[in-house]
Amino acid sequence: MKKQLLLLTFACFLFAGTQISFAQAKSKSQIESVNNDASSAKKNADKVIQMLERSAKLDAKQKAQVYDIYNAVDKKMQGIDAVKDPAERALKKEKMQNYINSKLKQVLSSEQYEIYMKKVSAK
């Protein structure tokens, strides 16, 4: 009888332990996805800055302005990604990219902007 009770207790603790570890693993993945979403604007800005630093000289003020542009657009882009209709999503993304390009045109010199447009259209 004691062996059966001990075995049943062990099985209960084993079951409870697996449930707790599964719940913790799930919450870690949720935290990682939130962190990835929060840094997407920074990643996009970094890509543009690195692309332009290789071929055109960017000063610190221009870098800060590029970061500001992408941070301002980040929430709107997340909203666009939530749109279910693929055609509408593509249209809104194109419109947002045109907006970003117009803002970058104000920040970058004409030579830098031409380089940016060539690199973006090549992708």
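Is one or more of the residues making up the range 6-29 farther than 24 Å from Ser110 by Cα, β-branched (Val, Ile, Thr) and either touching a Cys at 6+ places or on another chain (Cβ under 7 Å) or at pLDDT 85 or above (or both)?
Looking through the range 6-29, at least one residue is farther than 24 Å from Ser110 by Cα, β-branched (Val, Ile, Thr) and either touching a Cys at 6+ places or on another chain (Cβ under 7 Å) or at pLDDT 85 or above (or both).
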**Complete:** Of (1) under 21 Å from the mean Cα position of the chain (by Cα); (2) outside any helix (DSSP H, G or I), Lys43 fails just (2)
**Asked** Of the residues that make up the range 73-82, is at least one modelled with pLDDT of 85 or more and closer than 19 Å to Lys105 by Cα?
**Response** yes
**Request:** Identify, by number, the condition in (1) closer than 20 Å to Ser121 by Cβ; (2) of a type outside the set (Val, Ile, Thr); (3) surrounded by 15 or more Cβ atoms within 10 Å (Cβ to Cβ); (4) touching a residue at least 24 places away in the same chain (Cβ under 8 Å) that Met96 doesn't meet.
**Result:** (4)
**Pairs where the first residue, in the range 58-76, is in the same structural domain as Lys103 (by TED's automatic domain parsing) and the second is among the basic types (Lys, Arg), C-beta under 7 Å, 6+ apart** = Ile69/Lys103
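The values are calculated or read from the model by the stated rules, or taken from the named source; none is laboratory data. What you see is a predicted model; the values in this text were computed from it and never measured. As a convention, Cβ positions derive from the backbone with ideal geometry for all residues, glycine included, and neighbour counts pool all protein chains shown.
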